[in-house]
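Q: The structure follows.
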Amino acid sequence: MIGRLPQSRTTAWWLVVVGGLLTVVAVAVVVSLGLGQVNIPVGDVWAALTGGHEEGNLASRIVLDLRLPRLALALLVGAQLAVSGAILQGVTRNALASPDLLGVTAGAGFVAVILVLVIPDAPRALLPFAALAGGAASGTIVYLIAWKQGVSPERLALTGIAVTAIFQAAVTAVVTLSVENNNVQLALQWLTGSLYGRGWEDLWLLLPWSVAGITVALVVAHKVNLLLLGDHVAAGLGMRIEQARMTLVGIAVMLAASAVSITGTVAFIGLVIPHLVRLLIGADHRLVLPVSAIAGAILLLVADDIARTVVPSLEIPAGLLTALIGAPYFIYLITRSKTRISV
Amino acid sequence: MTSIQAGRQPHPVAALHFGLFGALIIGGLVLLALGIIVDTNVGIVDMDLGQVTRALLVDDHSQARTIIWELRFPRALVAALVGGSLAVAGAVMQALTRNPLASPSLTGVSAGAGFAVVLSLVLWPARPLGLTPLIAFVGGMAGGTVVFSLATRSVVTPVRLALAGFATASFLLAMTTGLLLLSHDTVGTVYFWLAGGVAGRGWQHVEVIVPWAVVGISTAFIMSRQLNILLLGEDVARGLGISTGRTRVILMFLAVILTAAAVGVAGPIGFVGLIAPHVARFLIGTDHYRVIPLAAVFGATLVVWADVGARNVQRPLEIPVGIVIAMLGGPFFLFLARRNA
Amino acid sequence: MNAQPTGYVTRPVTELRAEDLVLGYDSRVVVENLNLDVPMGRITAVVGPNGCGKSTILRAIARLLKPKGGSVLLDGHAIARMPTKEVARRMAILPQGPSSPEGLTVERLVWHGRYPHQGFLGTSTAADAEAVAWALAQTHLESFATRLLDSLSGGERQRAWIAMALAQQTAVLLLDEPTTFLDLGHQLEVLELLAELNQTQGITIMMVLHELNQAARYTDHMIAVHDGKIWHQGDPVEVLTEELLHEVFGVRAQVLIDEQSGKPHCVPLARSNGIAEQAKAALETAAQAAAGRPVGGPA
């Protein structure tokens, strides 16, 4: 099945699926824009989007200035994390891999926490860049440490776990030693992952990474299919394994680090979405990646919607919600009688 | 892993082997006792080692005695018991899964315990602190069970167990951190607990952990034969007449309760369960009749001395012991990961 | 010649058979309604192509695989209902490619074979020590006792595992592909040892072998398995035939009788339905048609 479309599914079927998903996204966006502390009817939302309101209209302001960028970010971050997870699960040939595995989120978290707690005078605007640098550096460190005449999937996974553990311990250390600090709340919030207060500036920051990252990922998706056949087979088919792996891991790191730098650690999307998608459409990654992107986008959007509306006046971080949503699926994974967890 | 590798060198005779084991155990115990005494010596009130030793041995109702006996000594004892329990739990996990990278902290027990404690604080802010060990225990059991189920869905390979543990731990950590946001005032104390440490642990904590540690470690020791045979593989073990399913469950349970007891009393301390068995096996081979006692002694010594370090590095501030051990253990784990994969 | 068991076999077995066995993995059924009686005191080989179910059958008999239906009977008792230690005192198994943990010496490995005979606390008796010494002697490994398992050659290591199984002092020994991954010299080393054990101790041996000629040469009874069913069983001369090779393995071969041993020996010629065969068959058909003879008749 790898390398060509399954016979049973025609192009028409795929168009229906993708079209359906995109429609869901569109609907979700429009509905989400209406939800919140101030509920705005769909008609007004539409009007706001199409410029039907005059300048300064409250509904317009809310929709366009507050909610739209936030929702767009939710879509992008969800998509990025899902794609990153899909790539990593393919590269490590293990269904339990996730962007967190490579130490990206832990490294970003560490740098962010240092910035927030240890250097409180630093401008807030620096945070995304610092986190991005931290995440990217951490991912690179993991890759380099795992390198021993090449990187095997197992070594990559185990090294990632080790580095993550170190960074997490470091984060715990910093937070514990700064308990008196007023910014602990902020640090914790970042560590949990949230879209609260994210606006247009954040969106512009992320957009280039999204576009570049996801596009490149889609282009090199077929390499994942080959890697899944096993190193020897792939090499025999003429693929330059180490180069391919490096590229793929690099993209995954980039997608995850940039996403996490904006929202903080959002759990589970990268782990759970690719699973679900593979269950539904198989393991051809040329399809798994884009569908994961859309599914991840929807998941985070819905999670954020719930997070900001379920309890009035309380902003639950979206990351907590994705963990909660991911949990039942996780338990389901455990109780399945299927004995093979493999990509 | 052992110092005797390829080539046709004959293995040291069995008698010598016991000599080495005896030497290591005695040496370890001496180091441990020393560590306890030194750890007991650290504190705001300065005393010299002579005073400390006398206060430990003689009950002369002096103030020194009270401080030493009521405050400092039990703490050191807890450190030792926690270290020993975690080490043995780690040894059992590593044999059970035939994976040198297994450890209690990678098996979801610590994460489960942490989550349970935080959850209980959020849902029941006024709950008595004495319940923490029990709650941590239950949470730890749940976490361990989850990971075990997840990892044994198919062939238990090193990576599979590690990833199952990692995924579960990430998930629990995410929920734990999120919950902490909802309980502003307790963040400080909870994080301190989450870091893992023995500060302020007294005789009541010793009483909590001693039965579990004693029963757990001795049961593990008695089951050394099964552990040894399990290393030969599932089929061979069954061929020799071991009910592997049942044995694995018992051993897993053993590892989980040892870890949960330790975590309940001292919070999630990682890496001890990973390092101690490794060093033991490196020194003495893979016979669990020897590995288990040695690992226990080494684990206890490690935590006690780490506590000494944690309390002295930034006097008079106390860094939680868990952090010191993590800082030592992390790179060691990296080294192991590189070597083993 | 199969000798009577000496006093070393502590629990003799008079019957080992499978009744209406249904075996499979998950939802897949691999073996259906298998009836098999393992000949006591003899060496039996189970042969067949890849995926025919031979390992599955062996594992089921060794109670390593739980049958979906039917049962394995040891002296008339259902093996699934016997305590596993009891079974281990009567039957030893050497699975395929056993893992050798680091730091394990030959001696300690062989001692593990005494587990089924030892109590809960695992105290060793004189009988245990005797059995271990005997096992090491039988496998000619006395001088290797303190050597590390992973420092041995392939053949030596396999002998060590056999020694462990011997220390169990069972009447029956089951082996799953004991010679795969060994070079020819070591293969013969293992097979000759097994033959010797059967001759001198009367131990019943059943093993899965993939090398047909070795199976024919070193065993008394061959069971050919095809698609989860016993295609034929009996004396090697009866089983290793050109028909077997063609129908079960899809190979055209010549079967000769080795003068020295009196055992059959097959020489594969070509795939039964290979291209060369098809071309040849087509030519023959054309020749027959040209000669006006009915097609498909004798060539």
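The values are calculated or read from the model by the stated rules, or taken from the named source; none is laboratory data. Predicted model only: the values in this text are computed from it and were never measured. No Cβ is skipped: glycine too gets one built from the backbone with ideal geometry, and neighbour counts run over all protein chains shown.
Q: Among the residues of the range A:168-201, count how many are surrounded by fewer than 17 Cβ atoms within 10 Å (Cβ to Cβ) and more than 14 Å from every other protein chain (Cβ to nearest Cβ).
A: Of the residues in that region, 4 qualify.
Residue-by-condition table, conditions (1) modelled with pLDDT under 70; (2) farther than 22 Å from residue B:277 by Cβ; (3) of a type outside the set (Asp, Glu); (4) not in a helix (DSSP H, G or I):
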residue	(1), (2), (3), (4)
B:12	yes, no, yes, yes
B:19	no, no, yes, no
B:27	no, no, yes, no
B:46	yes, yes, no, yes
B:56	no, yes, yes, no
B:59	no, yes, no, yes
B:71	no, yes, yes, no
B:75	no, yes, yes, no
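Q: Does the range B:220-241 hold any residues that are farther than 23 Å from residue B:293 by Cα and more than 7 Å from every other protein chain (Cβ to nearest Cβ), and which are they?
A: Of all residues in the range B:220-241, those farther than 23 Å from residue B:293 by Cα come to B:233-241.
If the condition is that a residue be farther than 23 Å from residue B:293 by Cα and more than 7 Å from every other protein chain (Cβ to nearest Cβ), then B:234, B:237 are the ones that fit.
Q: May I pose another question? Working only within the range C:110-138, note down all residues that are part of a loop (DSSP other than H, G, I, E, B) and either more than 26 Å from the chain's Cα centre (by Cα) or of a type in the set (Phe, Trp, Tyr) (or both). Explain how you work it out, then say what you get.
A: Kept after step one, since they are part of a loop (DSSP other than H, G, I, E, B), are these residues of the range C:110-138: C:113-114, C:118-125.
Within the range C:110-138, C:118, C:119, C:120, C:121, C:122, C:123, C:124, C:125 qualify.
Q: Could you list, in sequence order, all residues of the range A:11-47 that are free of Cβ contacts under 8 Å to residues at least 12 places away in the same chain and not in a helix (DSSP H, G or I)?
A: A:39, A:41 - these are the residues of the range A:11-47 that are free of Cβ contacts under 8 Å to residues at least 12 places away in the same chain and not in a helix (DSSP H, G or I).
Q: If you scan the range B:173-195, which residues turn out to be at the interface with chain A (Cβ under 9 Å from one of its Cβ atoms), closer than 24 Å to residue B:319 by Cβ, surrounded by 15 or more Cβ atoms within 10 Å (Cβ to Cβ) and at pLDDT below 80?
A: Within the range B:173-195, B:177, B:180, B:187, B:188, B:191, B:192, B:194, B:195 qualify.
Q: Please indicate, with yes or no, whether at least one residue in the range C:201-216 is acidic (Asp, Glu), surrounded by fewer than 24 Cβ atoms within 10 Å (Cβ to Cβ) and part of a helix (DSSP H, G or I). Steps first, please.
A: Narrowing the range C:201-216 to residues acidic (Asp, Glu): C:211.
Still in the list and also surrounded by fewer than 24 Cβ atoms within 10 Å (Cβ to Cβ): C:211.
Restricting the remaining residues to those that are part of a helix (DSSP H, G or I) gives none.
Checked the range C:201-216: no residue is acidic (Asp, Glu), surrounded by fewer than 24 Cβ atoms within 10 Å (Cβ to Cβ) and part of a helix (DSSP H, G or I).
Q: Could you tell me whether the range A:147-156 includes any residue that is among the basic types (Lys, Arg), at negative phi, outside any helix (DSSP H, G or I) and within 12 Å of chain B (Cβ to nearest Cβ)? Quick ask: steps written out before the conclusion?
A: Restricting attention to the range A:147-156, the residues satisfying the condition of being among the basic types (Lys, Arg) are A:148, A:155.
So of that shortlist, the ones also at negative phi come out as A:148, A:155.
Filter again for outside any helix (DSSP H, G or I), leaving A:148.
Keeping just the survivors that are within 12 Å of chain B (Cβ to nearest Cβ) gives A:148.
There is at least one residue in the range A:147-156 that is among the basic types (Lys, Arg), at negative phi, outside any helix (DSSP H, G or I) and within 12 Å of chain B (Cβ to nearest Cβ).
Q: Further question on the same structure: Would you be able to say whether some residue in the range A:202-220 is more than 10 Å from every other protein chain (Cβ to nearest Cβ), among the aromatic types (Phe, Trp, Tyr), at negative phi and over 18 Å from the mean Cα position of the chain (by Cα)?
A: To start, the set of residues in the range A:202-220 that are more than 10 Å from every other protein chain (Cβ to nearest Cβ) comprises A:202-220.
After this cut, where a residue has to be among the aromatic types (Phe, Trp, Tyr) as well, the list is A:204, A:209.
Applying the additional criterion that residues be at negative phi yields A:204, A:209.
Keeping just the survivors that are over 18 Å from the mean Cα position of the chain (by Cα) gives none.
Looking for residues that are more than 10 Å from every other protein chain (Cβ to nearest Cβ), among the aromatic types (Phe, Trp, Tyr), at negative phi and over 18 Å from the mean Cα position of the chain (by Cα), one finds none in the range A:202-220, hence no.
Q: Does the range A:106-116 contain at least one residue that is within 11 Å of chain B (Cβ to nearest Cβ) and surrounded by fewer than 24 Cβ atoms within 10 Å (Cβ to Cβ)? Walk me through it before giving the result.
A: Here is the first cut: in the range A:106-116, the residues within 11 Å of chain B (Cβ to nearest Cβ) are A:106, A:109.
The next check asks that each one be surrounded by fewer than 24 Cβ atoms within 10 Å (Cβ to Cβ); those that pass are none.
No, there is no match, as no residue in the range A:106-116 is within 11 Å of chain B (Cβ to nearest Cβ) and surrounded by fewer than 24 Cβ atoms within 10 Å (Cβ to Cβ).
Q: Of all the helices (runs of 4 or more DSSP H) wholly in the range B:221-331, which have at least 2 residues that are closer than 25 Å to residue B:205 by Cα and either of a type in the set (A, V, I, L, M, F, W, C) or under 13 Å from the mean Cα position of the chain (by Cα) (or both)?
A: Values: elements: B:224-230, B:234-239, B:244-266, B:272-284, B:288-312.
Passing ranges, in order: B:244-266, B:272-284, B:288-312.
A quick yes/no check of all residues on (1) assigned to a helix (DSSP H, G or I); (2) small (Gly, Ala, Ser):
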site: A:96; (1), (2): no, no
site: A:105; (1), (2): yes, no
site: A:108; (1), (2): yes, yes
site: A:124; (1), (2): no, no
site: A:128; (1), (2): yes, no
site: A:132; (1), (2): yes, no
site: A:135; (1), (2): yes, yes
site: A:139; (1), (2): yes, yes
site: A:142; (1), (2): yes, no
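Q: I need the full set of residues from the range C:48-76 which are of a type in the set (S, T, N, Q) and away from chain B (no Cβ under 14 Å), in order please. I'd like the intermediate steps shown before the answer.
A: Just the residues of the range C:48-76 that are of a type in the set (S, T, N, Q), to begin with: C:50, C:55-56, C:71.
Selection gives C:50, C:71.
Q: Residue check: is residue A:265 within 14 Å of another protein chain (Cβ to nearest Cβ), hydroxyl-bearing (Ser, Thr, Tyr), assigned to a loop (DSSP other than H, G, I, E, B) and buried (at least 17 other Cβ atoms within 10 Å of the Cβ)? Talk me through it step by step, then tell me what you get.
A: Working: within 14 Å of another protein chain (Cβ to nearest Cβ): yes; hydroxyl-bearing (Ser, Thr, Tyr): yes; assigned to a loop (DSSP other than H, G, I, E, B): yes; buried (at least 17 other Cβ atoms within 10 Å of the Cβ): yes.
The answer is yes for residue A:265.
Residue-wise test of (1) in contact with a Cys (Cβ under 8 Å, 6 or more places away or on another chain); (2) within 14 Å of another protein chain (Cβ to nearest Cβ); (3) of a type in the set (Lys, Arg); (4) crowded, with 20+ Cβ neighbours inside 10 Å.
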position: B:280; (1), (2), (3), (4): no, yes, no, yes
position: B:284; (1), (2), (3), (4): no, yes, no, yes
position: B:288; (1), (2), (3), (4): no, yes, no, yes
position: B:298; (1), (2), (3), (4): no, no, no, yes
position: B:302; (1), (2), (3), (4): no, no, no, yes
position: B:314; (1), (2), (3), (4): no, yes, no, no
position: B:318; (1), (2), (3), (4): no, yes, no, no
position: B:322; (1), (2), (3), (4): no, yes, no, yes
position: B:328; (1), (2), (3), (4): no, yes, no, no
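Q: Still on this model: Any residue in the range C:180-190 that is aliphatic (A, V, I, L, M), within 19 Å of the chain's Cα centre (by Cα), more than 11 Å from chain B (Cβ to nearest Cβ) and surrounded by 21 or more Cβ atoms within 10 Å (Cβ to Cβ)?
A: Our first condition is that a residue be aliphatic (A, V, I, L, M); within the range C:180-190, this holds for C:182, C:184, C:188, C:190.
Now restrict to residues that are within 19 Å of the chain's Cα centre (by Cα): C:182, C:184, C:188, C:190.
Narrowing further to those that are more than 11 Å from chain B (Cβ to nearest Cβ): C:182, C:184, C:188, C:190.
In the following step, the residues that additionally are surrounded by 21 or more Cβ atoms within 10 Å (Cβ to Cβ) were identified as C:190.
Yes, the conditions are met somewhere in the range C:180-190.
Q: Any chance you could count how many residues in the range C:90-109 are assigned to a loop (DSSP other than H, G, I, E, B) and of a type in the set (A, V, I, L, M)?
A: Within the range C:90-109, the subset assigned to a loop (DSSP other than H, G, I, E, B) is C:95-104.
This time we only want the ones that are of a type in the set (A, V, I, L, M), so: C:104.
Residues meeting the conditions: 1.
Q: While we're on this one: Do you know which residues across the range C:83-108 are more than 7 Å from every other protein chain (Cβ to nearest Cβ) and acidic (Asp, Glu)?
A: Of everything in the range C:83-108, those that are more than 7 Å from every other protein chain (Cβ to nearest Cβ) and acidic (Asp, Glu) turn out to be C:86, C:107.
Q: If the Cβ limit is 6 Å and pairs must be 6+ apart or interchain, which residue in the range B:189-212 that is without any contact (Cβ under 8 Å) to a residue 12 or more places away in the chain pairs with which residue that is surrounded by 15 or more Cβ atoms within 10 Å (Cβ to Cβ) and not in a loop (DSSP other than H, G, I, E, B)?
A: B:191/A:175; B:191/A:176
Q: Any idea which residue in the range A:268-304 is nearest to residue A:216 (Cα to Cα), counting only those that are part of a helix (DSSP H, G or I) and among the small types (Gly, Ala, Ser)? Please lay out each step first, then the result.
A: Going through the range A:268-304, the residues part of a helix (DSSP H, G or I) turn out to be A:269-281, A:285-304.
Remaining after also requiring among the small types (Gly, Ala, Ser): A:270, A:292-293, A:295-297, A:303.
Working: A:270: 18, A:292: 15, A:293: 13, A:295: 18, A:296: 18, A:297: 18, A:303: 27 Å.
The qualifying residue nearest to residue A:216 (Cα to Cα) is A:293.
Q: Check C:141, C:74, C:104 and return the single one that is in contact with a helix residue (DSSP H, G or I) (Cβ under 7 Å, 6 or more places away or on another chain) and modelled with pLDDT under 90.
A: Numbers: C:141 fails: modelled with pLDDT under 90; C:74 fails: modelled with pLDDT under 90.
Selected residue: C:104, the only one of C:141, C:74, C:104 that is in contact with a helix residue (DSSP H, G or I) (Cβ under 7 Å, 6 or more places away or on another chain) and modelled with pLDDT under 90.
Q: Residue under question is residue B:204, and the condition is that it be out of contact with any Cys (no Cβ under 8 Å at 6 or more places or on another chain), more than 22 Å from residue C:121 (Cβ to Cβ) and either surrounded by fewer than 24 Cβ atoms within 10 Å (Cβ to Cβ) or away from chain A (no Cβ under 14 Å) (or both); does it hold? So that I can check it myself, show each step before the final result.
A: Working: out of contact with any Cys (no Cβ under 8 Å at 6 or more places or on another chain): yes; more than 22 Å from residue C:121 (Cβ to Cβ): yes; either surrounded by fewer than 24 Cβ atoms within 10 Å (Cβ to Cβ) or away from chain A (no Cβ under 14 Å) (or both): yes.
Yes, satisfied.
Q: Also, I was wondering about something else. Given the conditions (1) surrounded by 22 or more Cβ atoms within 10 Å (Cβ to Cβ); (2) closer than 19 Å to residue B:240 by Cα, report the number of the one that residue C:12 does not fulfil.
A: It is condition (1) that residue C:12 fails.
Q: I'm trying to understand the selection: among the residues of the range C:239-279, which are surrounded by 14 or more Cβ atoms within 10 Å (Cβ to Cβ) and assigned to a helix (DSSP H, G or I)?
A: Passing the criteria: C:239, C:242, C:244, C:245, C:246, C:247, C:277.
Q: Which pairs have Cβ atoms under 8 Å, sit 6 or more apart or on different chains, and link a residue in the range B:83-110 that is under 19 Å from residue B:293 (Cβ atoms) and modelled with pLDDT of 80 or more to one that is assigned to a loop (DSSP other than H, G, I, E, B) and hydrophobic (A, V, I, L, M, F, W, C)?
A: Every condition considered, the pairs that remain are B:86/B:269; B:90/B:102; B:93/B:102; B:94/B:101; B:94/B:102; B:95/B:231; B:96/B:102.
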